[in-house]
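Written out below as structure tokens is the structure these notes cover.
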Amino acid sequence: MLLRHTNKEIKPRESLTVNPAKTCQPIGAMYASLGIHNCLPHSHGSQGCCAYHRSALTRHFREPVMAATSSFTEGSSVFGGQSNLIQAIDTIFTTYEPDVIAVHTTCLSETIGDDVNQIAIKAVKDGKVPKGKYVIHTSTPSYVGSHVTGFSNMTKAMATAFSKSTGVSNGKFNIIPGYVEPSDMTEIKRVVKEMGIKPILFPDTSNVLNGPQTGKYKMYPDGGVTIEELTSAGDSIGTIALGNTASADAARALDTRCKVPCQVLDLPIGLAATDRFINTLRTVAGVNVPASIDLERGQLLDIITDMQAYLYHKKVALAGDPDQLIPLVEFLISIDMMPVHIVTGTPGKDFVKRIEALTADLPYKVNVKAGGGADMYLLHQWIKNEPVDLLISNTYGKYIARDEDIPFMRYGFPIVDRVGHSYFPSVCYKGGMRLLEKILDLLLDRIDRDSLEETFELVM
Amino acid sequence: METISVLEDRKNQISQKGRDTFEMACEKKSLAGAVSQRACVFCGSRVVLYPIADALHLIHGPIGCASYTWDIRGALSSGPELHRMSFSTDLSETDVVFGGEKKLEKALLELVAEYEPKAAFVYCTCIVGIIGDDVEAVCKKVAAKVGIPVLAVHSEGFKGTKKDGYKAACDALFKLIDLNRKPEKQIPLSINILGEFNIGGETWIIKEYYRRMGVEVVSVMTGDGRVKDVQSAHRACLNVVQCSGSLTHLARDMEQAYGIPFIRVSYFGIEDTSDALYDVASFFKDAPQIMERTKALVQEEVCAILPELAALKKDLVGKRAAIYVGGAFKAFSLIKALKHLGMSEVLVGSQTGNKEDYALLREMCDPDTVILDDANPLELAKYVMEKDAHLFIGGVKERPIAYKLGIGFCDHNHERKIPLVGYEGMVNFAKEVHATVTSPIWDLVPRKAFNRAISNKG
């Protein structure tokens, strides 16, 4: 039905985003904050922002998402939000008893010029922050960047607010997993430990936003990185940041602050990117790759070998976040598929450069766009002009998939109409197997659906 | 949960029937720092105007406000679906510094040329209010150029509560009607349906009742809405307001401007649906055939559903429900509907109730029922556990809380997929309640599974 609203003819649009492939900074900051144990995210702005972010995260994770708001009124927007924030800090510590309040700003509080740092200092001076409790903060105006930028900013704030260098090594590695599912964080931790390395992972939303059904309501679920761990991050041997957009800033800030050397890698999605991750872990920690990891790699490779005939030159359109799309495109190329249209709403020139470099040797030119005008509408227009065999995007891609009758793999944020994404990883070799299973299911289902009676086969 | 204490400032917003006699405090601004379930002005405007399917809805602001409201309500359309697209001026830092008026004008012109909508709504978000774009002027200019109504919706998030957003939407609707004001004749035996949003096709059910009664529905605001219908609304004889929290303001304005009286109704549950239809029928005294048809309709419909309700009721008698909804009016209907199923309520709350609402709630409720205004998740969880509820009725943010506690849940907000109004809606409601309350999964929730294991041993 929405088909009729997409025009095949592509005209430049400067002033308009139609069906966005991104959302705004504060929700990313809120998600990152939930990855600290005993932390209550706080939205410094109108009530609506906080309500929308909580609803959006709730729909995606199907978990209670807690966050407080400064509840701006007209008065606060004229006279500044200082009194709101100070009162909020007081209310939160006396009522909800978190260890940390993680404040992020909104377009409103940014534009009226609230100095959250100064307000946080005043709150401490006024005795509103109990001993052993913390207020951290970051700046996340909605008119800059995207949800990924907000995640990155809050992750950086975690590193700079807590980390200390005592001069004594803790023998651990900091791993910054980026804007990924809780299941991915669990998987990254597992693989790192499997390599014999002790990680400090932050943020860590595993068991927070994919927690068990217990019959009890916990405002602060058991997961999350602890303050002790964040403090100790300054004594780690090194930092590995996964994903340039969401994780690099925090790693570099930690390097500057505590002289913890860092490396920025792609998210370990697919074979080659996971190889690089494993190899980096191996070299920085001076460990051998255990047989168990080799086994997983071999299994992933085996599935590709078994099924390569079905993957051959299948055209793919993708929308999502830059850190996921880069290794995903690399993975698709490596299994002989053809990514042809790629959009991310998150602005940044590096993304387009990376994709162009990855696809330079292909016999065709990919459509790629980031930031302004890179929206689901443009992706749909591209698909109309050059149809694809598979669409990979968040739930909003389902309109395009239905209109154009394309197999559709849900991937990214948000996914509000399917479950599993928060429980099963898509990173590392195991995650690669899952991605491949999903892709193949879709492609093979399509062959089954479209086969004639006489060509409908049992064995494929 | 045992450690949870209620905030000092909120003590008067919570009462228990039979124990507390004080007047409920309400219509207060939420305390800064509260984990409130409330939203903002923009949210209020957006939900009211959203279902007008042949209008353009352009959100003037940074991307978030458009992203978060992109097709999240199941307001169905029988025709155009322009309302399901997400249009935003996607303001960036430079726009915030230099102003967004030019961008807005360009965006409007591009969109009108592309989609030929019948009218355009421009939603002003927080930031637009702060940077001071003259949205009215841009709208006027574009309207003159393109020849359709282009209306600014003053919905800057911080300028009040969701209720103020309803008012902004009502103002925009009134303007849309008034722009078309001509000395047209009143349509006999006709009504407007106000505050009905066609979630899951509810508008269609209600319209069918009125068709059978012989009452003409001029417009529905805004379920399955069309600009043309809204513009004819001033020709109706009566405004029938369902979601009174959202559209009473428009009904009042129309009464004043066009002399159209209004009544408040609800279409949830057997009694309230029947009352609504009878109230409309008795308004048209000069056409007694309408009352005749209404009586026949109610009798037929009620008889048709009673056996099925009775069957479902068997498993539900004695079960306890917690209700937390936006408007208190909905809570009244829900209490009555639950009673039909043999259930009682142990907690009732609303985000936006007023003093009269809470007084009436206290009258209606069972003894010891906890009544809450503007609650937070901790309070909700605390009382649901204390009262050992079997069912929670609420919206998107309450669903996972109920599930984590290990009790059934029924969505009575905009994420429901099935219609809950009218007689067939009552059956749907009963089925949904039955499905969730009797799910075997609750027996596997740790605390219950543990108790069962012990009793099995014994």
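Every read-out reported here was derived from the displayed coordinates using simple, explicitly stated rules and does not represent laboratory data. Just so you know, these numbers come straight off a predicted model, no measurement behind them. Glycine also receives a Cβ, built like all others from the backbone with ideal geometry; neighbour counts cover every protein chain displayed.
Each part gets one Cα centre, and for the stretch B:37-55 versus the stretch A:346-411 those centres are 30 Å apart.
Over the stretch B:1-139, what relative contact order in percent results from Cα pairs under 8 Å that are six or more residues apart?
Working: 145 pairs, mean separation 36.2, N = 139.
It comes to 26 percent, rounded to a whole number.
Return the FRET efficiency for the residue pair A:Gln299, B:Asp315: r is the Cβ-Cβ distance, R0 is 41 Å, and the value is rounded to the nearest 0.05. Efficiency for this residue pair is about 0.30. Annotation note: trypsin sites (Lys or Arg not before Pro) in the stretch A:252-352 located in DSSP loop regions with a Cβ neighbour count of at most 12 within 10 Å are A:Lys259.
Hey, what number do you get for the protein assembly as shown at 222 nm if only DSSP H runs of n ≥ 4 count, each worth -39500 (n - 2.57), divided across all residues, to the nearest 500? Can you show the working numbers first?
On the way: 35 runs with 419 residues, N = 918.
Mean residue ellipticity, 222 nm, calculated: -14000 deg cm²/dmol.
Normalising by residue count, the stretch A:173-290 has a Cα convex hull of 109 Å³ per residue.
Along its principal axes, the stretch A:25-158 has C-alpha extents of 38, 32, 24 angstrom, given from the largest down. The mean sequence separation of alpha-carbon pairs under 8 Å and at least six residues apart, normalised by the residue count of chain A, gives a relative contact order of 18 percent. For chain A, a simple Cβ point-charge model (Lys and Arg +1, Asp and Glu -1, everything else neutral) yields a dipole of about 1140 debye relative to the Cα centre. The label point for B:Asp20 and the one for B:Ile263, both projected 7 Å from the Cα toward the Cβ, are 3.5 nm apart. Determine the shape class of chain B: with a ≥ b ≥ c the square roots of the Cα gyration tensor eigenvalues, call it rounded for a/c under 1.5, and otherwise prolate if a/b is greater than b/c, oblate otherwise. The shape class here is oblate. Counts of other chain beta carbons within 10 angstrom of each beta carbon in peptide B:106-113 average 3.
What net charge do the residues around A:Gly432 carry, taking every other residue with its C-beta under 10 Å from that of A:Gly432, with Lys and Arg at +1 and Asp and Glu at -1? Please list the in-between numbers first.
Values: positive: A:Arg297, A:Lys430, A:Arg434; negative: A:Glu296, A:Glu437.
Here the count lands on +1.
Rounded to the nearest 10 degrees, the angle from helix A:182-194 to the longest Cα principal axis of chain A is 90 degrees. Placing dummy labels 7 Å off each Cα toward the beta-carbon, the span from B:Glu255 to A:Lys193 is 6.6 nm.
Placing unit charges on C-beta atoms (Lys and Arg positive, Asp and Glu negative, everything else neutral), compute the dipole magnitude of the protein assembly as shown about its Cα centre in debye, rounded to 20.
Working: 102 positive and 110 negative charges, 225 e Å.
Dipole size: approximately 1080 debye.
Dipole of the protein assembly as shown computed with +1 at Lys/Arg Cβ and -1 at Asp/Glu Cβ about the Cα centre; of A:Thr94, A:Ser165, A:Met30, farthest Cα towards the positive end is A:Thr94.
The Cα atoms of the stretch A:292-450 give a gyration tensor whose axes a ≥ b ≥ c have a/c under 1.5, which makes the shape rounded. Go through B:Ile270, B:Val302, B:Leu194 and say which Cα lies farthest out towards the positive end of the charge dipole of the stretch B:190-304; charges sit on Cβ, +1 for Lys and Arg, -1 for Asp and Glu. Farthest along the dipole direction, towards plus: B:Leu194.
How long are the three semi-axes of the equivalent ellipsoid of chain A, in whole Å, if each is the root of 5 times an eigenvalue of the C-alpha gyration tensor, listed from largest down?
Values: eigenvalues 287, 150, 74 Å².
Semi-axis lengths for chain A are 38, 27, 19 Å.
Name the shape class, rounded, prolate or oblate, that the alpha-carbon gyration tensor gives for the stretch A:1-52, where a ≥ b ≥ c are the square roots of its eigenvalues, rounded holds for a/c under 1.5, and otherwise prolate holds if a/b is larger than b/c and oblate otherwise. Judged from the Cα gyration tensor, the stretch A:1-52 comes out prolate (a/c at least 1.5, a/b above b/c).
The stretch A:153-207 and the stretch B:159-182 have Cα centres spaced 50 Å apart. Site-free segments of chain A were taken between GluC sites (Glu not before Pro) in DSSP loops having at most 15 other Cβ atoms within 10 Å, sites themselves excluded; the longest one is A:15-456.
Sites listed here are GluC sites (Glu not before Pro) in the stretch B:150-219 whose DSSP assignment is loop and whose Cβ has at most 13 other Cβ atoms within 10 Å: B:Glu184.
Relative to a virtual label point 7 Å from the Cα of B:Glu292 in the Cα→beta-carbon direction, which members of the stretch B:198-231 show backbone nitrogen distances below 13 Å? Only B:214 fall inside the zone, counting backbone N under 13 Å.
Helix B:422-437 and the longest principal axis of the C-alpha atoms of chain B enclose an angle of approximately 50°.
Within the same chain, aspartates and glutamates fewer than 8 places from B:Lys285 are excluded, and of the rest, those with a Cα less than 16 Å from its Cα are B:Glu216, B:Asp275.
In the stretch A:14-123, Cα pairs under 8 Å separated by at least six residues give a relative contact order of 32 percent.
Look at the stretch B:120-126: the mean tally of other chain Cβ atoms within 10 Å of its residues' Cβ atoms is 3. Over the stretch B:115-157, with a single point scatterer placed on each C-alpha, what log10 of the ratio I(q)/I(0) does the Debye formula yield at q = 0.15 1/Å? Those come out to -0.36, one per q. The stretch A:34-95 and the stretch B:336-352 have their alpha-carbon centroids 29 Å apart. With 0.36 nm allotted per residue and the present C-alpha distance subtracted, the B:Leu179-B:Glu208 stretch has 7.5 nm of extension available. With respect to chain A, whose longest principal axis is taken over its alpha-carbon atoms, helix A:376-385 is tilted by about 10°. Loop-located GluC sites (Glu not before Pro) in the stretch B:295-341 (DSSP state other than H, G, I, E, B) with a sparse environment of at most 14 neighbouring Cβ atoms within 10 Å are absent.
Assigning unit charges at the beta carbon (Lys, Arg +1; Asp, Glu -1) and nothing else, what dipole magnitude in debye, to the nearest 20, does the stretch A:292-450 show about its Cα centre?
In total the dipole reaches around 400 debye.
The longest stretch of chain B left intact once loop-based trypsin sites (Lys or Arg not before Pro) with at most 11 other Cβ atoms within 10 Å are removed from consideration, loops following DSSP, is B:20-180. Length gained on full extension, A:Tyr310 to A:Asn207, computed as 0.36 nm times the residue gap minus the Cα-Cα distance: 33.5 nm.
Which of the pairs A:Lys22/B:Lys103; A:Lys22/A:Lys216; A:Lys8/A:Lys353; A:Lys216/B:Lys319; B:Lys319/B:Lys431; B:Lys28/B:Lys397 have their Cα atoms more than 23 Å apart in this structure? Intermediate results must be reported in sequence, preceding the final value.
On the way: A:Lys22/B:Lys103 19 Å; A:Lys22/A:Lys216 34 Å; A:Lys8/A:Lys353 26 Å; A:Lys216/B:Lys319 20 Å; B:Lys319/B:Lys431 14 Å; B:Lys28/B:Lys397 21 Å.
Those over the limit are A:Lys22/A:Lys216; A:Lys8/A:Lys353.
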